[in-house]
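Worksheet for the structure shown next.
The values are calculated or read from the model by the stated rules, or taken from the named source; none is laboratory data. Treat the numbers as computed from the prediction; the structure is a model and nothing was measured. Note that we place each Cβ from the backbone using ideal geometry, even for glycine, and neighbour counts take in every protein chain shown.
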Amino acid sequence: MGAPFNERHNGMLRGFIPKGTSIEKYSPAQVLTFADELNGRPRRRLGYQTPEELFDAFLDGIYAA
(Lines give C-alpha, C1' and ligand atoms only; values in the text may rest on other atoms or scores of the structure.)
Protein backbone atom coordinates (compact mmCIF):
# COMPACT_ATOMS: atom_id res chain seq x y z
CA MET A 1 0.00 0.00 0.00
CA GLY A 2 1.99 2.92 -1.23
CA ALA A 3 1.37 6.21 -2.93
CA PRO A 4 -0.82 4.79 -5.76
CA PHE A 5 -3.18 3.25 -3.20
CA ASN A 6 -3.44 6.55 -1.35
CA GLU A 7 -3.96 8.51 -4.56
CA ARG A 8 -6.82 6.19 -5.54
CA HIS A 9 -8.57 6.92 -2.25
CA ASN A 10 -7.96 10.64 -2.63
CA GLY A 11 -9.58 10.46 -6.06
CA MET A 12 -12.59 8.63 -4.64
CA LEU A 13 -12.95 11.23 -1.91
CA ARG A 14 -12.82 14.03 -4.49
CA GLY A 15 -16.13 12.73 -5.76
CA PHE A 16 -17.56 14.28 -2.61
CA ILE A 17 -15.03 16.97 -1.70
CA PRO A 18 -13.40 18.73 -4.66
CA LYS A 19 -9.62 19.15 -4.61
CA GLY A 20 -8.65 22.37 -2.86
CA THR A 21 -11.88 22.54 -0.84
CA SER A 22 -11.50 22.54 2.93
CA ILE A 23 -13.15 19.67 4.74
CA GLU A 24 -14.24 22.25 7.32
CA LYS A 25 -16.86 23.38 4.79
CA TYR A 26 -18.77 20.15 5.51
CA SER A 27 -20.66 19.15 8.63
CA PRO A 28 -19.59 16.09 10.62
CA ALA A 29 -22.78 14.35 9.44
CA GLN A 30 -21.86 15.00 5.81
CA VAL A 31 -18.33 13.66 6.31
CA LEU A 32 -19.76 10.51 7.92
CA THR A 33 -22.08 10.09 4.93
CA PHE A 34 -19.07 10.32 2.59
CA ALA A 35 -17.22 7.72 4.69
CA ASP A 36 -20.23 5.39 4.71
CA GLU A 37 -20.52 5.64 0.94
CA LEU A 38 -16.83 4.93 0.39
CA ASN A 39 -16.74 2.07 2.90
CA GLY A 40 -19.72 0.47 1.16
CA ARG A 41 -18.00 0.26 -2.24
CA PRO A 42 -16.53 -3.10 -3.24
CA ARG A 43 -12.78 -3.03 -3.91
CA ARG A 44 -10.88 -5.28 -6.29
CA ARG A 45 -7.93 -5.20 -3.88
CA LEU A 46 -10.23 -6.68 -1.21
CA GLY A 47 -11.55 -9.48 -3.40
CA TYR A 48 -14.58 -7.37 -4.35
CA GLN A 49 -15.69 -7.16 -0.75
CA THR A 50 -16.36 -3.83 0.87
CA PRO A 51 -14.22 -2.40 3.68
CA GLU A 52 -17.39 -2.44 5.78
CA GLU A 53 -17.92 -6.18 5.20
CA LEU A 54 -14.35 -7.00 6.13
CA PHE A 55 -14.47 -4.85 9.25
CA ASP A 56 -17.74 -6.47 10.34
CA ALA A 57 -16.22 -9.94 9.81
CA PHE A 58 -13.17 -8.90 11.83
CA LEU A 59 -15.36 -7.74 14.71
CA ASP A 60 -17.43 -10.93 14.52
CA GLY A 61 -14.21 -12.90 14.94
CA ILE A 62 -13.22 -10.89 17.98
CA TYR A 63 -16.61 -11.20 19.67
CA ALA A 64 -16.85 -14.93 18.89
CA ALA A 65 -13.55 -15.61 20.67
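Overview of values
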{"read-out": "Close pairs from the stretch 2-20: first more than 15 Å from ARG45 (Cβ to Cβ), partner surrounded by 10 or more Cβ atoms within 10 Å (Cβ to Cβ) and modelled with pLDDT of 85 or more, Cβ under 6 Å, at least 6 apart", "value": "PHE16/PHE34"}
{"read-out": "Residue match in the stretch 9-23 (condition: outside any loop (DSSP other than H, G, I, E, B) and of a type in the set (D, E, K, R))", "value": "no"}
{"read-out": "Every residue from the stretch 16-65 that is of a type in the set (Phe, Trp, Tyr) and more than 15 Å from the chain's Cα centre (by Cα)", "value": "TYR26, PHE58, TYR63"}
{"read-out": "Any hit, the stretch 35-45, residues being of a type in the set (A, V, I, L, M), free of Cβ contacts under 8 Å to residues at least 12 places away in the same chain and surrounded by fewer than 11 Cβ atoms within 10 Å (Cβ to Cβ)", "value": "no"}
